[in-house]
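Below: the structure, in structure tokens.
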Amino acid sequence: MLQLIVVLILMIPILAIVLDSDVGKAIARRLERRNLTEGDGGAHERLVYLEGELERLVQEVGRLDEENQFFQKLLAERSDPDALP
């Protein structure tokens with residue numbers, strides 16, 4: 001009985017981490033798409049594809065924004081561009 005309680009207690013944070021991860025979000029998106037009303041199969045497949053591509057592009061733009069901020073910070077911190085380190 002005690003082992004079951006310990007396992008349940010350990011599963012709560014693990015489950016929270018998995019559900020908050022990209023994998024958990026992908027599973028949730030797939031379940032949401034499955035619940036969409038049935039319509040034109042081709043249009044639905046295109047919509048699913050476009051949603052995936054949009055998600056990928058949003059992540060890529062966010063990554064590029066972070067890189068740009070990092071490089072801007074490095075350039076701003078440079079005191080003498082001609083000096084050797």
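The values are calculated or read from the model by the stated rules, or taken from the named source; none is laboratory data. What you see is a predicted model, and the numbers here were worked out from it, not measured in a lab. Methodologically, a virtual Cβ is constructed for each residue, glycine included, from the backbone with ideal geometry; neighbour enumeration extends over all protein chains shown.
Listed by first and then second residue, the pairs linking a residue in the stretch 20-34 that is over 16 Å from GLU53 (Cβ atoms) to a residue that is assigned to a helix (DSSP H, G or I) and of a type in the set (Val, Ile, Thr), with Cβ atoms under 7 Å apart and 6 or more places separating them unless they lie on different chains, are GLY24/VAL18. With respect to (1) modelled with pLDDT of 80 or more; (2) within 12 Å of the chain's Cα centre (by Cα), the lone exception for LEU64 is condition (2).
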